[in-house]
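Colleague: Sharing a structure below in structure tokens format, with a few things to ask.
The values are calculated or read from the model by the stated rules, or taken from the named source; none is laboratory data. Given the structure is predicted, the values throughout are model-derived calculations rather than measurements. Note that each Cβ is placed from the backbone with ideal geometry, even for glycine, and that neighbours are counted across all protein chains shown.
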Amino acid sequence: MADRLNGYRILILETREEAQFSRLLTEQGADVLQCPMFTIHDAPDPAPIEAWIHRCVEKPFDDLVLMTGEGLRRLMKVARRIAIDQNFIAALGKARKFARGPKPGRALREIGLEPQVTTEKPTSEGIIEMLSRVDLRGHRVGLQLYPDKDHGVLIGAITQQGAKVDPVLPYVYDAKAADANIVTAIEEMAAGAIDAIALTNLGQIRRLIEVARAHGFEARLREGLAKTPIASVGPAVSDELKAHGLRTDIYPANDAFFMKPLISAMAAELGKNPPRAVAK
């Protein structure tokens, strides 16, 4: 099944798992244009991260909510640096683990653990809905957050269930560093040089529009998206596209909202027409 995307030029905006997504597409023969939405850095002050890890080790949380796989990997990086990674893994193993979508689950499996529950909707709202169905009264809940999101509603919802929330934010975004690449990607789509754009989280759509507006390129972005097939990994992304008056052209089959099914869907749909480079 290799080379199903041979000759097709695919634009990806993945930031946290860019290398993996690019590799999977390249294995199918695609020419991948990588345009991460953000540059990711460790939190500038490591002290709160170290303190959170120590609290977890000294008294393991009753419940752990992981919002991103990147967050867990960054926490593990700190735990290894301060030489308590094995104790940290053991402590995490004692908690009931909730994952916001499949990516935190993959990060857990990298350290030999599994989530007990994974959200159907990989959003903060999905986490709130999932946690509303379980008893959190009197529980200590470790909550791994991610940048550029107001998590007050989520923290408030957990607190209202009678839990004590202990949040941690292990990384930050540098948005400005990526702006120039995003503008270039918009021009590539508008020029008809991209066979498909693959969207794997709703933040990518918001960021595209935000950068386009900031640089006076919103009309150019919509022109490019009108020409370019849009591949969505799942319902949250498709709902966000719809909210901005955009469409979904390619969607994984059988409700399998992961990278590999998305790639298979792209291969099936794009294979109906030759790559644009060939067509020209």
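Colleague: Of everything in the range 147-199, what is out of contact with any strand residue (DSSP E or B) (no Cβ under 7 Å at 6 or more places or on another chain), of a type in the set (A, V, I, L, M), part of a loop (DSSP other than H, G, I, E, B) and surrounded by 15 or more Cβ atoms within 10 Å (Cβ to Cβ)? Give them in sequence order.
Modeller: Selection gives Leu169, Ala175.
Colleague: Go through the residues of the range 192-207 one by one and say whether even a single one is touching a Pro at 6+ places or on another chain (Cβ under 9 Å), among the acidic types (Asp, Glu) and either at pLDDT below 95 or assigned by TED's automatic domain parsing to the domain that holds Leu24 (or both).
Modeller: Yes: one or more hits.
Colleague: When you check Arg73 against the structure, is it assigned by TED's automatic domain parsing to the domain that holds Ala190 and out of contact with any Pro (no Cβ under 7 Å at 6 or more places or on another chain), yes or no?
Modeller: no
Colleague: Could you check how many residues of the range 156-183 are hydrophobic (A, V, I, L, M, F, W, C), at pLDDT 95 or above and out of contact with any Gly (no Cβ under 9 Å at 6 or more places or on another chain)?
Modeller: Selection size over the range 156-183: 2.
Colleague: While we're on this one: Which one of these does Asn181 not meet: (1) free of Cβ contacts under 8 Å to residues at least 12 places away in the same chain; (2) within 25 Å of Leu11 (Cβ to Cβ)?
Modeller: The one condition Asn181 does not meet is (1).
Colleague: Okay, moving on. Could you please give the count of residues in the range 208-221 that are more than 15 Å from Leu13 (Cα to Cα) and either surrounded by fewer than 16 Cβ atoms within 10 Å (Cβ to Cβ) or without any contact (Cβ under 8 Å) to a residue 24 or more places away in the chain (or both)?
Modeller: Residues that pass the stated criteria total 6.
Colleague: What single numbered condition from (1) surrounded by fewer than 19 Cβ atoms within 10 Å (Cβ to Cβ); (2) over 22 Å from the mean Cα position of the chain (by Cα); (3) closer than 29 Å to Ala236 by Cβ fails to hold for Ala83?
Modeller: Answer for Ala83: the failing condition is (3).
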